[in-house]
Amino acid sequence: MFAVLRNSWALLLGMFLLMLGNGMQGTVLGLRGGIEAFESTTMGFVMAGYFAGFLGGAQAAPWLVRRVGHVRVFAALASLISAAFIIFAAVVDPIAWTLMRVVVGFCFSGVYVVAESWLNDSSTNENRGQTLSAYLMMQMLGIIVAQGLINAADPGGYDLFIIMSVAVSISFAPMLLSAGPAPAFSTTRRMSLHQLFKTSPLGCVGTFLLGGVFAAQFGMGPVYATMIGLTKVDISIFIGAIYVGGLVLQYPIGWCSDRMDRRALITMVTALGSAGCLIALIFGGSFAALVITALLIGGTSNPLYSLLIAHTNDFLEHEDMASASGGLIVLNGVGAAGTPILVGYLMQEFGPPAFLYFIATIMAAITAYAMYRMTVRPARTVEETSPIAPYSMVSGTQVAAEIAQEIAAEQASEQEKAE
């Protein structure tokens, strides 16, 4: 790990700063939307803009990189993100915010593609797994620390938006100055969704539904917390707990994944996530119960992405894993794109608890479908499965998917040689 930090510290630092800005934006907009008395449905459209833009950026970013190169794409998109963060404060209007969220989502998708290409190019076969793990850890830590920065200023003013913009602007320097020559760029053609569904129905359905869970917690979590009257400090703790849970439970869930039927583990993880929502609903007046719910939601939903991809890979040849992961990314993005609008409407019609009921229902639906799939297809033995590779919903790009699958294939090859 020391060698990874020595070789890639600047890229990792740049990613940490990027995630400070990205982690702050949703929470700050949720707080500011409450101050401006925007309805939850309105905020749903605002928050949905990011996921729609991210989905579009995931398709366009590879074309942009091939056309004008890594450095130009990174500098242009990161500059647009920085500018958009300032416009949020300068033009406090739902339509402007929605448009800026589309821009920010599109740009972050492209920035992740470039950063992950550089990161992959700077790593070797021996340390690629550690490099990806460090990269994902920096992402999660950036979002967690961002919640603490929310308390640095009043969300009704300009200061928090300036901090967001500065964090993104500063991130350019270490990433651009440390990156070597631009790596050769290519991505694997995605497997058709029809073929992907035939290969792994649970992987497809689970990833699609999980996109809704991610969009709800990342997009509408701050709106929910504002609607139930939490203080600014409590909101930052609540949102931070979601990502602390994901960081803490990623390894133990991954460890279990390599030692048991993954469908059974998916069933247990999603059932725990669904039950976790009930804690806050049953003990509605307790902030401690709400934090426990956040830890369980984040601790189950974030590792679940890697788990679903690993389950899908169990039915694929190694050379098809990257293309299948690209298809799953699209399904996840489609599932996320419209969710904030739906959740915003439900909260407006039925009250803030609809946020938790929505997540509990989606998690329960994955549980039920996983149990059904266990009755129609025999389980793969542990020896027949591929090792799980760490992967994050936060930066769901094809480049990261291909890195993760390279790691999984290398680990599987090493296991075969050892046997």
*Looking at R101, is it out of contact with any Ser or Thr (no Cβ under 7 Å at 6 or more places or on another chain) and either small (G, A, S) or crowded, with 24+ Cβ neighbours inside 10 Å (or both)?*
yes
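Suppose we filter region 352-364 for residues that are assigned to a helix (DSSP H, G or I) and open to solvent by 40 Å² or more (accessible area, probe 1.4 Å); how many remain?
Matching residues across region 352-364 total 3.
So for region 231-253 (the condition being charged (D, E, K, R), part of a helix (DSSP H, G or I) and in contact (Cβ under 8 Å) with a residue 12 or more places away in the chain), does at least one residue qualify? Please lay out each step first, then the result.
Restricting attention to region 231-253, the residues satisfying the condition of being charged (D, E, K, R) are 232, 234.
Retained after the next criterion (residues that are part of a helix (DSSP H, G or I)): 232, 234.
Checking the rest, the ones that are also in contact (Cβ under 8 Å) with a residue 12 or more places away in the chain come to 232, 234.
Yes, some residue in region 231-253 is charged (D, E, K, R), part of a helix (DSSP H, G or I) and in contact (Cβ under 8 Å) with a residue 12 or more places away in the chain.
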*Considering each residue of region 238-271, count those that are open to solvent by 10 Å² or more (accessible area, probe 1.4 Å), at pLDDT below 85 and among the hydroxyl-bearing types (S, T, Y), and give that number.*
1
*Using the structure shown, decide if G240 is closer than 19 Å to F218 by Cα and in contact with a Leu (Cβ under 6 Å, 6 or more places away or on another chain).*
no
*asked:* Go through (1) in contact (Cβ under 8 Å) with a residue 40 or more places away in the chain; (2) closer than 22 Å to M220 by Cα; (3) not basic (K, R) for V71 and report which single condition fails.
replied: (2)
*Take region 134-176 and flag every residue that is at pLDDT below 90, hydroxyl-bearing (S, T, Y) and crowded, with 19+ Cβ neighbours inside 10 Å.*
Y135, S171
*Tally of residues being open to solvent by 20 Å² or more (accessible area, probe 1.4 Å) and under 18 Å from the mean Cα position of the chain (by Cα) across region 18-60*: 6
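Got a number for residues in region 25-43 being farther than 19 Å from F238 by Cα and either part of a helix (DSSP H, G or I) or in contact with a Lys or Arg (Cβ under 6 Å, 6 or more places away or on another chain) (or both)? Walk me through how you get there before you give the answer.
Start the filter on region 25-43 by keeping residues that are farther than 19 Å from F238 by Cα, which leaves 36-39, 41-42.
If we keep only those that are either part of a helix (DSSP H, G or I) or in contact with a Lys or Arg (Cβ under 6 Å, 6 or more places away or on another chain) (or both) too, we end up with 41-42.
Residues meeting the conditions: 2.
The values are calculated or read from the model by the stated rules, or taken from the named source; none is laboratory data. Just so you know, these numbers come straight off a predicted model, no measurement behind them. For neighbour counting, all protein chains shown are included, and Cβ atoms are generated from backbone atoms with ideal geometry for every residue, glycine included. Side chains included, ligands, DNA and RNA excluded: accessible areas come from the protein's heavy atoms. Shrake-Rupley method; radii C 1.70, N 1.55, O 1.52, S 1.80 Å.
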